[in-house]
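Remarks on the structure that follows.
Please treat every number below as a calculation from the coordinates, not as lab data. In this text, all values refer to a predicted model and were calculated from it rather than measured experimentally. Using ideal geometry, Cβ is built from the backbone for each residue, glycine included, and neighbour counts are taken over all protein chains shown.
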Amino acid sequence: MKYKHNEIEKKWQDKWEESGTYRLSNKLSKEKKKYVLDMFPYPSGATMHVGHLEGYIGTDIVSRYLRMNGFSVLHPMGWDAFGLPAENYAIKTGIHPDRSTHQNIEIFKRQLKISGLSYDWSHEIDTSDPDFYRWTQWLFIQLFKKGLAYKKKAAVNWCPKDETVLANEQVINGKCERCDTDVVQKELDQWFFKITAYADRLISGLKRIDWPEEVKLQQKKWIGKKEGIIIKYKVEDSDFSVDCWTSRPDTNFGATFIVISPESSLVNKLTKEKYKKEMQEYVRRCQNTSKDDRISERREKTGVFSGSYAINDLNHERLPIWVSDYVLTEVGTGAVIGVPGHDKRDFEFAHTFGLLIKRVIVGKDKSRLPITKIDQVQEEGKMINSEFLDGFSTKKAISKMMDYLVEKGWGKKETHYHLRDWLISRQRYWGAPIPMVYCEDCGWQPISESDLPVLLPKDVDFLPHGDSPIARSKEFQKNVKCSKCGKSGKREVDTMDTYVDSSWYFIRFVDSKNQDQFASLENTSRWLPVDIYVGGGHVVQHLLFARFFWKFLYDEGLIDKKLGDEPFLRLKAPGWILGPDSRKMSKRWGNVVTPDDIIPKFGADVLRLYEMFMGPFEVVKPWSITGVEGMDRFLKRVWNLFNSHKEIYKDDKNLQTLMHQTIKKVTNDIENFRYNTAISSIMQYVNFMRDNGVDNESLRVLCKLLAPFAPHMMEEVWVNILKEKFSVHSSFWPKYEEKLAKNSAVSLVLMVDGHPRGELSLSGVEVSKEEIIDLAHKNERVNKAIGQRKVKNTIYIERKLLNFVTK
RNA sequence: GCCGAAGUGGUGGAAUGGUAUACACGCACGCCUUAAGAGCGUGUCCCGCUUAGCGAGAUGUGGGUUCGAGUCCCGCCUUCGGCACCA
């Protein structure tokens, strides 16, 4: 009997949907819940490819496994539907983003469904649906009320020709990706979320969660907490001073100049008449330099002397004050203390302009001579030429110097973070409108919550015209009232960063149809936090933002405190799947493999098994069509095994042992996302049965073990061959017995000096170490290997090996 | 430059510090077929020998710890990912 995957897969998919096999019922127990979540996809115009599917198959397997273990599993799917690509597509083709996005969603959804994924679609969400973004807007208002959303001026990438704001990804080498015009920085009033208020907790919370260490490290690095000190330098012949923040005050005796950023408000005050003209020109030039150019490391250092000097209180030395664009306004205080001997950037600057270079750290080569080459610039070591710090390590010197400066009143300790507040304003159309109204009397006021959602107007021309597209809607500004005083006001015309949507969607999933609340306390308490979260790619920021929102809701009591203040307890990141040519899948290389290329020919079960068998879940791996064919052969063998109950085994110890070993292995492997080895052990089990025969129990177990991986064929087998009650996916996962999983016959390795020299078969009976040593000495090869030497030591590991050491 | 991950057959990969190369892919030969395909079987790291076997070597590279290292420690090389003038 031939297995017709197309027919059978369709048949069971329909049956599962019709009987609600994966639907959650409210009767299920509260304690045994699991929330298994995929990072929801952006439904882009390019179709889904097999790479997207890797994570989805992984969560599907674990979800099915958990259900079979008696858990009620929330496993939802939805759409990160707002975003720039749809808008750009609209600009190019005139097709409204709403239309193109929803067409894409249909394609994605069909592809997920034919893959046999067990999502409970009754929880589906779409971030571009007013039902969803109403609560995104509501969240904004909660943050605003707590002072965590605020407006301030900030620079954006601006294309003067297209008259539009560009996202960082649209800026290629400092030029607009569409028209190649040089991108400039433009200051606009924009909304921010104060994520920095949570910086410390975003670090400390990492300790409590089961995430890959490298992801945690990346988060820590992104937050970039650094202890430092602000040192005040008096400016000579004036009554003001320059504040420099540094984490390395230990090298302060090596300071020879100060550099401030061109954007600093001090530039004008400090620049002496003689240098004014040159300075103005320099500052103007910096303004017109794109960020990319400014950052590119290869660029020579530039700068202009201000004519002013600051005084280093430590040694009363005069420090010339320069202006240079290698100093960034946003970092520290926007003013840097130049230590050219022990900082490469400062060295380059000093070298270019002929400034003094002092050594205060002994070189790696023990050198105490002046520093003349960049290779000699070294950040750590033993202090010299630094009075009271001499002889100390840099590490010790940092704290000594900090204390000293604080005591003298010259400095103030201050912790700085790399993390900045989150700029969420987008001068774009396809996003959630920011629910704020500007009133001449009351300033910025939120929409009253009962008036939500602020609908995204549809009558918008989204071609770039130099302002936010929504500003051109005729409807949008009609009858707008200040929620505080009732006077007419003007709506905010910017939309929110789509990261805002994706930072809380996982909460909406637990109660996606709720019309009165973002999610009920009952449902959040029942399902959250997320037990297993799977996804990769752009994750660093997403995870930080989502953790920030969660902590905020936690603090506000909008979710139950007993849920803890971390939303994702366990994280797994699937590795990329490369094309068959080992390059990243892309239209450009013509190496994209989609589920539609594979499923019609081989079926979803083959695709699922193959993807999980390719290699470790977290690792990058190339696609191979011959590998798919191999998996097709394997599944055919499985099908034949179930169809030809040729020899029936009775009471066979080997088969039973292997069965328990396989259950154990597959169970542990699924728990740890080691699907490739789970499948290989199932293969060994199948091979054994094919060669040696089967019995009823071993077949039933095989069907269950394989059910999460190949759900369609196993359902067919379960119902129509094994004649069991529908559905295998609601049956119980097999249990193994430790005792039965142990081989009764053990082959013990005999070694001499660590080299294998033979083996000893021990069956069942317990044998003592002494008896084994006796037996080993009867082995010819062992004796030959020992030869005339004396055995000095004997190492015995039960059931494993015996090693005679003669050396 | 900094941070992180990884280097094992022709290929994807397996291996709680305990017989390296499981499980697959590919290839070769054979069986079955008029034939092709499918299916099944056998073989497949490398060198040597007195060749049903035996012995030596091999997990990027050089050291170290250990009775024993792919696995742990130190140095170097290569590849991939992230960040990048962060003071």
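Listed values, structure above:
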| item | result |
| --- | --- |
| Nearest-ten-degree value, helix A:130-145 long axis tilted from longest Cα axis of chain A | 50 |
| Amide H contacts of A:SER308 (H built 1.01 Å from N, under 5 Å, at least 5 apart or other chain) | A:LYS272, A:ILE321 |
| Gain in span if fully extended, A:ARG583 to A:ASP461, counting 0.36 nm per residue against the direct Cα distance | 40.0 nm |
| Those GluC sites (Glu not before Pro) in the stretch A:670-757 that DSSP places in a loop and that have at most 12 other beta carbons within 10 Å | A:GLU737, A:GLU738 |
| Simple Cβ-charge dipole of chain A, Lys/Arg +1 and Asp/Glu -1, about Cα centre, in debye nearest 20 | 1480 |
| Cα coordinate range in the stretch A:606-709, projected on the principal axes (Å, largest first) | 44, 27, 18 |
| Chain A - mean residue ellipticity at 222 nm from DSSP helices (-39,500 (n - 2.57) per run, n ≥ 4, rounded to 500) | -10500 deg cm²/dmol |
| Among A:186-196, A:45-55, A:252-262, the order from most to least packed when residues are scored by Cβ within 10 Å on average | A:252-262, A:45-55, A:186-196 |
| √(5λ) per eigenvalue of the Cα gyration tensor, the stretch A:4-108, largest first, Å | 32, 18, 13 |
| Nearby lysines by direct alpha-carbon distance to A:LYS784 (threshold 16 angstrom, same-chain neighbours under 8 apart not counted) | A:LYS807 |
| Relative contact order of the stretch A:185-250, pairs being alpha-carbon contacts under 8 Å that are 6 or more residues apart, as % | 21 |
| Where labels lie 7 Å past Cα in the beta-carbon direction, separation of A:ASP753 and A:ALA197 in nm | 7.1 |
| Using a Förster distance of 56 Å, the FRET efficiency for A:SER44-A:HIS351 (Cβ separation, nearest 0.05) | 0.70 |
| Nearest-ten-degree value, helix A:696-706 long axis tilted from longest Cα axis of chain A | 10 |
| Rough spin-label spacing in nm, given labels placed 7 Å along Cα→Cβ, for A:LYS723 and A:LYS487 | 8.4 |
| 3J(HN,Hα) from dihedral phi, the stretch A:770-775, Karplus parametrisation 6.51/-1.76/1.60, rounded to Hz, x for glycine, proline | 4, 4, 5, 4, 4, 4 |
| Radius, Kirkwood style, for the stretch A:394-524 when every pair of distinct Cα atoms is counted (Å) | 18.8 |
| Between helix A:604-613 and chain A: long-axis angle, C-alpha atoms, 0 to 90°, nearest 10 | 70 |
| Equivalent-ellipsoid semi-axes of the stretch A:46-202, from the Cα gyration tensor, Å, largest first | 35, 24, 16 |
| Cβ crowding within 10 Å averaged over residues, with A:555-562, A:265-272 ranked highest first | A:265-272, A:555-562 |
| Per-selection Kirkwood Rh - the stretch A:468-581 (Cα, Å, 1 d.p.) | 17.2 |
| In the stretch A:591-694, lysine pairs closer than 26 Å at Cα, eight or more apart or cross-chain | 12 |
| Calculated FRET value between A:GLU273 and A:GLU671, using beta carbons and R₀ = 51 Å, to 0.05 | 0.10 |
| Evaluated over the stretch A:478-542, the Cα radius of gyration and Dmax, each in Å | 17.3, 49 |
| Distance histogram for the stretch A:331-388 (every C-alpha pair counted, 5 angstrom bins, percent rounded to whole numbers) | 4, 20, 30, 21, 15, 8, 2 |
| Under-5 Å amide H pairs with A:ARG757, H placed in peptide plane, nonlocal only | A:LEU750, A:MET751, A:VAL752 |
| When the convex hull of its Cα atoms is projected in every direction, mean area for the stretch A:523-565 (nm²) | 3.2 |
| Stokes-Einstein translational diffusion, the stretch A:551-631 - Kirkwood Rh over all Cα pairs, 1.306 mPa s, 10 °C, in µm²/s | 103 |
| Mean Cβ neighbour count within 10 Å, used as a protection proxy, ranking A:240-249, A:382-391 highest first | A:240-249, A:382-391 |
| Difference of contour (0.36 nm per residue) and Cα-Cα distance, A:SER238 to A:GLN541 | 104.7 nm |
| Whole-Hz couplings from phi, Karplus 6.51/-1.76/1.60, listed for the stretch A:557-568; x for Gly and Pro | x, 7, 10, 5, 4, 6, 6, x, 9, 10, x, 10 |
| The stretch A:651-763: mean projected area of Cα convex hull, nm² | 9.0 |
| Relative contact order [Cα under 8 Å, 6+ residues apart], chain A, whole percent | 14 |
| About the Cα centre, charge dipole magnitude for the stretch A:470-567 (Lys/Arg +1, Asp/Glu -1 at Cβ), debye | 700 |
| Square roots of five times the Cα gyration tensor eigenvalues for the stretch A:123-272, Å | 36, 27, 18 |
| Per-residue ³J(HN,Hα) for the stretch A:387-393, Karplus 6.51 cos²θ - 1.76 cosθ + 1.60, θ = phi - 60°, Hz, x for Gly and Pro | 6, 6, 9, 3, x, 7, 6 |
| Cα pair distances in the stretch A:708-807, grouped into 5 Å bins until the bin that holds the longest one, percent each | 2, 11, 17, 14, 8, 7, 5, 6, 7, 8, 8, 5, 2, 0 |
| Relative counts (whole %) of C-alpha pair distances in chain A, using bins that are 20 Å wide | 13, 34, 32, 18, 4, 0 |
